[in-house]
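The values are calculated or read from the model by the stated rules, or taken from the named source; none is laboratory data. From a predicted model like this one, the values you see are computed outputs, not experimental measurements. Cβ placement follows ideal geometry from the backbone for every residue including glycine, while neighbour counts extend to all protein chains displayed. For accessibility, only protein heavy atoms count, side chains too; no ligands or nucleic acids. Shrake-Rupley method; radii C 1.70, N 1.55, O 1.52, S 1.80 Å.
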Amino acid sequence: MFLTCMKEEYEYEFIKKIVTVISNKINRVLLHVADHPVGLESRLLQVKSLLDVDCDNGVGLIGIYGSGGLGKTTLTRAVYNLIADQFEGLCFLHNVRENSVKYGLEYLQEQLLSKSIGLEIKLGHVSKGIPIIKERLHQKKILLILDDVDKLKQLQVLVGEPSWLGPGSRVIITTRDKHLLSCHGIKRIYEVDFLNKDEALELFRWMAFKSNHNDSSYDYILNSAVKYASGLPLALEVVGSSLFGKCTTEWESTLQKYERIPHEDIQNILRVSYDALDEEQQSVFLDIACCFKGCKLTEVQKILHARYDHCIKSHVGVLVDKALMKINFYGFVALHDLIEDMGKEIVRQESPKEPGKRSRLWFHEDIVHVLKENTGTRKIEIIRLSSLSTEETIDWNGKAFQKMKGLKALIIENGHFSKAARYLPSSLRLLKWNRCPSKSLSSIFLNKASEISTFSNLKFEYMKVLSFNDCQYLTDLPDVSGLQNLEKFSFENCNNLITIHNSIGFLNKLETLNAKGCIKLESFPPLQLTSLKKLELSICKSLKSFPELVGRLTNIKDIWLYGTSIGELPFSFQNFSELAHLYLSGCGKLRFSSFIFMMPKLSKITAKDCRLVLPKLNDKLNSTLFSNVEYLNLGNNSLSDECVPIILRLCANVKYLYLPGNDFKILPECLNECHLIRILELDGCKNLEEIKGIPPNLKKFSAIQCKSLTSSCIRMLLSQQLHEAGCTDICLPTRIKRIPDWFEHQSGGQTISFWFCKKIPSISSIFLFSFPESFSVHVRDNITIIVNLFVNGYKYTLSDDVWFVSRCPKIQTDHTYLFDLELEELIKRYRTYRKLMSKLEEALLKNEWIHVELKFGSCLDLKCSQDSNMKLSCITQIGIHMFKEKRSMEEDVVFTNPYGKRKLDEYLNTSLSQFLPPLKKDRFVDVGIPETEILQRHHLALLSMQQKMALLPQRRRITLLSRMWNLVLNETKEKEHQG
C-alpha cells in the first residue's frame, strides 16, 4: 500500500496516516489455522490464484464449496493470513449460518462494520444496515470472509452487490450449497476435495501418534482406520484422537463400533447439510444413501419416480449442489462413505433395536430377521435385498409382508425362499424380484391354489413397475388387468415362459414391455398400448410371429429385434407410425413386405444375417412407392443379382447403402441414376466381379475382400475422373501393379514427403499394400498396419485416429486405399495443436516451407508370437495428388526438398552447436566460397570436435559421428553428380 502526502494536507496528518497503517499491520492478529495443516499448501495456492489479489480493478468474489468436515474454514483462515496485509479493512465472519439464527442478520452487519472499519453501531433492522455498509465501505479496499453461509439472504444483506465495497476488495464465501453461489452470481468457485491417501495417512498419524511415524505393529490396522475416514479431515482428526494411546486390540474394537454406529461428532457435522433439506428431499437422500449408492442414476430416477409418483430430478440436483452426493463420469450415483453412513444412521435411529420399525431395509441380516420373525410394520417403505448369498435359504411362513401396509418398493435381486409369499400389500408401487430361482414367484403369480392367483381381483392401483427377470419357474403370465397404472413390465430371461394372458395388451399406461430372452415363448397377444415407448422381444427364439398391433402406437421410435423365428412382419406393423429406426438381425428367413419401406417416418433400416426375402415389384406397384429410408444396411443376407435393382427401386432416396457379405456378382447400371447415394459399402462380397454403374455423387466406396473384382473395374474406380467427381475415399483389393499416373508424386518405399508454403494445401493420398507370397494366411490376417503423419517433425499416429479409422476401418494387407489427406483438420487433432499451429502460422507468414511426411509400418499381433522373428517388410507404393481446384500456384507445393544443400548446413549448425562456439565467418552456407573449401571446412569441423565428443557415451558418440560423415559423403556425391 502506498501513501501520498497531498499539498493541502498538513505534515502531521500524513504522519498520522503512516502511523495508523503501520499500527494496523503490527497489531493485526494472525488466525490460528490448524495444528497440523496437512495438504493445505497446494489448496491455498489454488485459491490465491482465483483471488488474483494483485488486480485492483473491481471487486472479486469467490466461493469455496464442499461438504462438512472438509476444512473449508481452515483453508480460508490460511488465505486470510496470507493476503490480509494488502487490504485497508479486514473482516472474518465465522459461523454465519449459526449466528444468523442465534443473533439475527443485523448482528452480522454490525460485526462487518466493526471489524472492517472500527465502527461500533447498533442496528435495529437489516434495512438500516445496508445503506450504512454501502456508504462506509464503497471506497475501502476490504477483505471480507463469510464462513459457512447457507442462505441467500445472508449474502444479500452483507454484500448484495460488488459495488458496496471499494476497488480491489475481495470477498470469500464458504458454503455447502453450490447453488447458493450461482444464485448470487459468483462464477469463481473452488471445490474442496478430500485428502489423498498419503495426506490422509500423515494427518491421521499426527492425531493418533502425535508424530508422522508409527510403530510397525499398527500398520495393518492403520490402513483400515484411514480407509474408514475416506479422506475426510474431520473424521481423520476425530477418529485419530479417539485412538491415541490405545493398543491395536482397542483400535480394532473401536473401529468396528464406528462401522456400526458412526461417531457422534462426525455425524453432527455431516448432518447439517441434511437438516437444510425439505422433507421430501430428505426422504430422497435417505433412499439413495440406504439403497441406491453405486446404481445407475437413470435407473434410480425411474425407481424413485415410481415411489413418489412424480419426477425427482430436481431433488437429485439439490443433493449434488449440497455436496451430499455426486454423479460420476459414467453416470452412477456416488456418495462419500461417511455421508452414506450418516444417512443410514438416521434411519437406524428410527428404531435402534427393531429393524421392522424402520422406514428402509437394506442390510441383508436385518431383512432376513424381519421376514423370519415376521416383525414388519407399516413404517417400512423400501426393502432392497441385493447382497444375500444365492446359497442361503430364507425360512419364513410367507406372511411377512402382510403387516407392511406402507411398503412402496420391494426389490429382491437374489435369494432362495422356503415358501411362496402369501400376501403382497396393495400399497406397492414397484416390485422387482430378479434372478430369483425360488418357486415362490410361480406361487405368487400363477399357482391357482395360492391366495394370489392373478392381479385381476386385487387392487394394486399404485403399482408402477413390475419386474421378475430370470424366473426359471414361470410358465405363463396371469391376468394383469388390475394393474392399470403399470408403466414398466419386465420378465426377461424367463426360460420356461410359454403363454401370456391377453390382458397385457390393454394396459393403457404401460411404457416399457420387456420379454427379451423368453426362449420358449411361441406367440404374443395383440397389443393396444397407446403409451408404449419400448418393446423388447429379442432372443425369443421360438417366437414365430410379431404381435398384432391394435390402433396407432405413436411413442415408439426404435425397434430392435434379433434372434427370433419371426418369418414376416404383419401389415399392422405400420401402426408404429413414428418409427424411425428398425433393426433386425439373426431372424432366420424373413420376408420383407414393401409397406415396410413406405412407413412415413422410417429413415434407417438394418436387416442383416436374416436370409432376407424381398418383394417382387411390378411396374404398377413401383409407380406408387415412395420411401424416406436414407440409411439401409442389408448385410449377410445372401442377396443375388436380382435383389439389387429391387432394393434401389424400393429405396430411391437412400444415401448410405451397406450391402456387405452378399452373393451378387454384378452391380447394375441403374446405380448411375442413384443421385443421392453418398456411401456404398460392399465389403466381403466375394463373388462380386463387375460394377456397371456408379452413383454420380458418391463420396466413399469400400470393397474390402471383394477378391473377384476385375482389374478393369479397379482401374475405373481409381480413375482421376471419378476422384475429381467427388469420390475421394476408396478401399479396394490390390489388383494393379502400380499407382495410377495422375498421382504427381509417387514413392516405392514406406515413406513419402512434400513441402508447402503460403497456405495448407488440399492433398489426396493413395497407398497400396502387399506382402511376400511366403507369408501364410494366418500371418497376413494378423498384421497391423501403422500410419504416422509428421508435420515439421511433430508426430501423429493416423491409424489410431477416429477420423482415419472411419475412412480405413481395418487396413488390410493386399489392399489399396485412397483418401483425402485433410491436413488442416488433422493438424487440429494433434495433442500439441496450439504449439504446432503457432509455428505453422509464423512459417506461413514468412513464406517458409513446411515439411509433411507420411510413414507406414507394420507389426504382428501378439497371438502370432511364434512368427515374431519374421521380418515384416511390407511392399508399399504411395502416391500424392494435389487438387487442381485448390491450387492457385503449383509452386506452393513441391515434392523435393526446397532447401537443397542447406539441409546439411542447418543440421551441422544445430547438431554441433553444443560442442563448438558459433563461427562468425565460417558458416555452413553458400556465400561465394568455393565448394571444395566448404567441404574441407566440414571435414575440419568434424575432426576438431572429436576430442570433446570423446566425453560422450560411446553409443551416442558413434551414432552422431556416423550420421555426420554420411551427410558429408552424400553432399560430395551430389556435387560430383552435378558436375
Using +1 on the beta carbon of Lys and Arg, -1 on that of Asp and Glu, and nothing else charged, what's the dipole of the stretch 351-428 about the Cα centre, debye to 20? 560
Please state the charge dipole magnitude for the stretch 197-258, taken about the Cα centre, from unit charges on C-beta atoms (+1 on K and R, -1 on D and E), reported in debye and rounded to the nearest 20. 140
Would you mind giving the average projected area, over all directions, of the Cα convex hull of the stretch 266-347 in nm² with one decimal? 4.8
At 1.4 Å probe size, with the rest of the protein present, what percent of the exposed accessible area of the stretch 266-347 is carbon and sulfur atoms? 55
What whole-number value in Å² describes the accessible area per residue of the stretch 207-305 for a 1.4 Å probe? 47
At R0 = 45 Å the Cβ-Cβ FRET efficiency linking Lys686 and Met837, nearest 0.05, sits at 0.50
Compute the label zone of Asn214 within the stretch 233-265: residues whose backbone N is under 15 Å from the point 7 Å along Cα-to-Cβ. 235-256
Based on the Cβ-Cβ distance of Arg591 and Met716, what FRET efficiency does E = 1/(1 + (r/R0)^6) give at R0 = 35 Å, to the nearest 0.05? 0.45
Rough spin-label spacing in nm, given labels placed 7 Å along Cα→Cβ, for Phe506 and Cys55: 6.9
Theoretical gain in end-to-end length, Lys326 to Asp663 [0.36 nm per residue, Cα-Cα removed]: 116.0 nm
Under Karplus coefficients 6.51, -1.76 and 1.60, residue-wise ³J(HN,Hα) of the stretch 793-799 in Hz, glycine/proline x: x, 7, 8, 9, 8, 5, 5
Considering only protein heavy atoms and a probe of 1.4 Å, how much of the accessible area of the stretch 519-625 is carbon and sulfur, as a whole percent? 50
Given backbone amide H placed at 1.01 Å from N, residues whose amide H is under 5 Å from that of Glu492, ignoring those fewer than 5 places away on the same chain, are Phe468, Asn469, Asp470
For Cys295, list long-range residues whose amide hydrogen, built 1.01 Å from N in the peptide plane, is under 5 Å from its own amide hydrogen. Val333
Per-residue ³J(HN,Hα) for the stretch 94-101, Karplus 6.51 cos²θ - 1.76 cosθ + 1.60, θ = phi - 60°, Hz, x for Gly and Pro: 7, 6, 4, 4, 5, 6, 5, 6
By accessible area of protein heavy atoms, probe 1.4 Å, what ranking do Asp641, Asp800, Asp479 get, highest first? Asp800, Asp641, Asp479
Counting only residues 5 or more places away or on other chains, whose amide H sits under 5 Å from the amide H of Leu61 once H atoms are built in the peptide plane? Val171
List the pairs from Lys534/Lys601; Lys464/Lys533; Lys403/Lys509; Lys665/Lys707 whose alpha-carbon separation is above 22 Å, in the order I gave them. Lys403/Lys509
Classify the stretch 11-191 from the C-alpha gyration tensor, please: rounded if a/c falls under 1.5, else prolate or oblate depending on whether a/b exceeds b/c. oblate
In Å², and per residue, what accessible area does the stretch 573-691 have when probed at 1.4 Å with the other protein chains present? 43
Order these peptides, 116-122, 469-475, by their mean beta-carbon neighbour count within 10 angstrom, highest first. 469-475, 116-122
Would you mind calculating the gained length between Glu825 and Lys128 on full extension (0.36 nm times residue separation, minus the Cα-Cα distance), in nm to one decimal? 244.8 nm
Whole-Hz couplings from phi, Karplus 6.51/-1.76/1.60, listed for the stretch 486-499; x for Gly and Pro: 5, 10, 9, 10, 10, 9, 5, 6, 8, 5, 10, 5, 10, 10
If one computes the Cα centroid of the stretch 26-105 and of the stretch 326-357, what distance in Å separates the two points? 32
Between Glu250 and Asp337, the FRET efficiency computed from the C-beta separation at R0 = 35 Å comes out, to the nearest 0.05, as 0.95
Total charge dipole magnitude, the stretch 659-801, about the Cα centre, Cβ charges on Lys, Arg, Asp, Glu only, Debye to nearest 20: 300
Going by average Cβ density within 10 Å per residue, which order do the peptides 568-579, 842-853 take, highest to lowest? 568-579, 842-853
C-alpha center-to-center spacing [the stretch 713-769, the stretch 124-188] in angstrom: 66
Name the shape class, rounded, prolate or oblate, that the alpha-carbon gyration tensor gives for the stretch 197-258, where a ≥ b ≥ c are the square roots of its eigenvalues, rounded holds for a/c under 1.5, and otherwise prolate holds if a/b is larger than b/c and oblate otherwise. rounded
Which of Ser169, Val53, Gln109 sits closest to the plus end of the dipole of the stretch 11-191, meaning its Cα is farthest towards the positive end, when Lys and Arg get +1 and Asp and Glu get -1 on the C-beta? Gln109
Protein accessible area in the stretch 351-428, 1.4 Å probe - carbon and sulfur %: 43
